[in-house]
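What follows is a short report on a single structure.
The values are calculated or read from the model by the stated rules, or taken from the named source; none is laboratory data. Please read all numbers here as calculations on a predicted model, not as lab measurements. Backbone-built Cβ (ideal geometry, glycine too); neighbour counts: all protein chains shown. All accessible areas refer to the heavy atoms of the entire protein, side chains included, with ligands and DNA or RNA removed. Shrake-Rupley method; radii C 1.70, N 1.55, O 1.52, S 1.80 Å.
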Amino acid sequence: MNSQGVSSQYQCLIIQHLVGGTIMSSLIQILLICIERLNTTFSTKKEILVIVCSNKGVLLYFILSHCIALLRFGMATIDGPVPCDPKNTTTTLLLFSHDIPCLFIVVAIISCYSVVVYRMIRSRSFVHGSRMTESQVAKKKTKDIRTRRNAVTLGLIIFVSLVTVLPRSMLVFYYNMGKKSAITATLTLIFNNFLLLLNSVVNPVIYVLRIKKYRQYLRCKCLKNNSVLDLTNSTAVQVRDVERF
């Protein structure tokens with residue numbers, strides 16, 4: 001295809017904006033994980049938080065993020081397509097419709113995670129001050145270990161999100177303040193094509209290394225496939241033996 005053609009430019013632009021919608025949606029998912037973890041720190045789960053983190057809510061946020069991206073695409077191309085250049089992802093329209101909302105989401109993630117950690121520490125100190133039986137102590141110890149591992153896993157995911165989102169947001173702010181330089185386009189290309197996509201690459205690795213059930217599921221699937229294959233092979237051998245007999 002001709003990269004300077006109108007159809008090619010439209011396709012490139014809509015992919016750019018939809019990728020931005022997907023990145024925003026992934027940040028919202030991390031925020032929902034933090035809210036769900038926060039809800040577990042209460043003795044009785046808050047109904048409003050359950051509704052916010054429900055499957056219908058997740059689907060709604062996913063659709064809303066991409067609707068915003070499509071609306072932004074329409075506004076950006078109202079006078080025709082613009083060149084599919086990295087510097088065109090640092091416009092004022094993207095600043096207010098993507099980077100600032102993502103920055104607010106990241107701040108909400110950090111705030112929610114801080115509250116979760118605070119409530120976990122407070123709950124542990126409260127329990128240590130009360131008398132418990134040996135079975136309750138054992139259950140509490142197991143729960144503490146699981147909670148600590150979940151907190152570390154969530155902390156790693158949040159750290160990766162910060163590393164991938166904040167540099168681009170700072171660059172876009174810098175660019176829109178009129179402080180343009182020759183290196184801005186190169187940095188924009190690096191942040192768009194490397195840091196933003198790093199989140200999707202690293203998160204599955206974190207899940208495999210940190211979440212035991214995730215590893216068990218993968219192991220079970222592999223063993224199941226191998227066992228089915230072995231059973232098929234053994235059955236075939238038995239059939240050949242019977243035919244030979």
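General observations
- Under Karplus coefficients 6.51, -1.76 and 1.60, residue-wise ³J(HN,Hα) of the range 93-107 in Hz, glycine/proline x: 4, 5, 4, 7, 9, 10, 5, 5, x, 5, 5, 5, 5, 4, 4
- Distance (nanometres) between label positions extended 7 Å along Cα→Cβ at Leu218 and Val50: 3.3 nm
- Cβ-defined net charge surrounding Met24, 15 Å radius [Lys, Arg +1; Asp, Glu -1]: +1
- At an R0 of 41 angstrom, the distance between the Cβ atoms of Thr22 and Ala138 translates into a FRET efficiency of 0.40.
- Violating pairs (Cα-Cα greater than 21 angstrom) within the set Lys56/Lys143; Lys46/Lys139; Lys139/Lys212; Lys143/Lys212: Lys56/Lys143; Lys46/Lys139
- For the range 34-87, the solvent-accessible area with a 1.4 angstrom probe is 67 square angstrom per residue.
- In Hz, Karplus ³J(HN,Hα) per residue of the range 142-150 (6.51, -1.76, 1.60; θ = phi - 60°; x = Gly, Pro): 4, 5, 5, 5, 5, 5, 5, 5, 5
- Portion, in percent, of the accessible area of the range 1-104 that falls on carbon or sulfur, probe 1.4 Å: 69 percent
- Computed from backbone phi, the HN-Hα couplings of the range 65-81 come to 4, 7, 5, 4, 5, 5, 5, 5, 4, x, 5, 6, 10, 5, 9, x, x Hz, rounded to whole numbers (Karplus: 6.51 cos²θ - 1.76 cosθ + 1.60, θ = phi - 60°; Gly and Pro given as x).
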